[in-house]
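Below is one structure, written out as structure tokens; the observations come after it.
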């Protein structure tokens, strides 16, 4: 059996798909297949992917009418993937060359997790110009962790055993944004171990457009994950829920600042988070202080905030 099935859903990704596929083919670990599942692209995505497929037997292309990334990923895994491990990758992200090698070693150990993720490096144009890095927990992620702040950050950072994915039933096709968190909540609620590896394993391309920039969609995503936890009768105290929501709102406040949302949006989010759980808001003191300070400056003087941002 193939060790890894790399699943790449794509929609109108002509500008980035070549870099993504090159990063996969440059892996230092070689036992993998690539399933590019095109979700009804209208640009040159399929033509570019086909060029790569003609030059590498590892790559297979599956086409479907536009139905969204959840349907695409489910179809790829349930109907086409042959690997023991499923490695998801979005068509605009990049992997370091040692990613599959690191993950192969971890999943070969006797105490291997059901899901693994690493640190993420965020970049805008080039992986040589990383803007910031994510962190990983030193303990397996719980449902409370996941609804507070999703440390996995992106589907491109996730590897799951084939067995665990099938047992989960796959992604909820009705969820347009945040399907990864809702799916991870179901996995964690079912007893799956979700473990971080303290190594950069994914380069994530940031963008001011798209679902990842939609604050309302991200808020709805959080609410959906919480509803799933309640539906599965996960024991969460009101304090845990308040702390999770406060952490999520702090994250939205930071996103609002980066996206230059309507004046005062970030401060409103930060103040609501503080009302819910000051302790959670300042659990990471520097992050809490910087978020509140920046949100206050932006609300009182947008021009001063822009000057400060330009210098950092």
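Only the coordinates and a few stated rules stand behind these numbers; no lab work does. This is a predicted model, so every value here is computed, not measured. No Cβ is skipped: glycine too gets one built from the backbone with ideal geometry, and neighbour counts run over all protein chains shown.
Using C-alpha pairs under 8 Å with a sequence gap of at least 6, the mean separation divided by the residue count of the chain gives a relative contact order of 16 percent. In this entry, the stretch 175-312 is assigned a mean projected area of 9.6 nm², taken as a quarter of its C-alpha convex hull surface.
Given the options 219, 119, 231, state which has the largest fluctuation in a GNM of the chain using a 10 Å cut-off (strictly under) for Cα springs. With Cα springs under 10 Å in the chain, the top fluctuation among 219, 119, 231 is at 231.
Modelled spin labels at residue 303 and residue 231, positioned 7 Å past Cα toward Cβ, are 5.0 nm from each other. In terms of packing, defined here as the mean over residues of other Cβ atoms within 10 angstrom, the peptides 276-284, 127-135 line up highest first as 276-284, 127-135. Spacing of the modelled spin labels on residue 29 and residue 135, each 7 Å from Cα toward Cβ, amounts to 2.6 nm. Taking 0.36 nm per residue of separation and subtracting the Cα-Cα distance, full extension of the segment from residue 56 to residue 2 would add 17.9 nm.
Both radii are taken from the alpha-carbon atoms of the chain; with Rh as the Kirkwood radius, Rg/Rh is 0.97.
The share of C-alpha pairs in the stretch 166-240 whose separation exceeds 14 Å stands at 70 percent. As a ratio to 2.2 N^0.38 Å, the alpha-carbon radius of gyration computed for the stretch 237-310 takes the value 1.07. Tilt of helix 265-276 relative to the longest C-alpha principal axis of the chain, in degrees (0 to 90, nearest 10)? With both axes taken from Cα atoms, the answer is about 80 degrees. Sorted into 10 angstrom bins from 0, the C-alpha pair distances of the stretch 113-192 split as 17, 49, 26, 8 percent.
Size estimate for the stretch 77-233 follows the Kirkwood approach: the inverse of mean 1/r over distinct Cα pairs works out to 16.1 Å. Ignoring everything except DSSP H segments at least 4 long, calculate the 222 nm mean residue ellipticity for the chain; use -39,500 (n - 2.57) per segment, divide by total residues, nearest 500. Result for the chain, helices only: -14000 deg cm²/dmol. Comparing 202, 16, 262, which has the greatest mean-square fluctuation in the GNM of the chain with Cα pairs linked when under 10 Å apart? Of 202, 16, 262, the most mobile in the Gaussian network model is 262. Angle check, please: helix 215-231 long axis (alpha carbons) against the longest principal axis of the chain (alpha carbons), in degrees 0 to 90, nearest 10. Roughly 80 degrees, rounded to the nearest 10. For the stretch 65-108, taking Cα atoms only, Rg and Dmax work out to 12.7, 37 Å respectively. This ranking places 30, 220 by how few other beta-carbon atoms lie within 10 Å of each, fewest first, which gives 30, 220. With each label modelled as a point 7 angstrom along the Cα→C-beta vector, the residue 296-residue 82 pair spans 6.1 nm. Averaging Cα coordinates gives a centre for the stretch 137-183 and one for the stretch 36-51; these two points are 26 Å apart.
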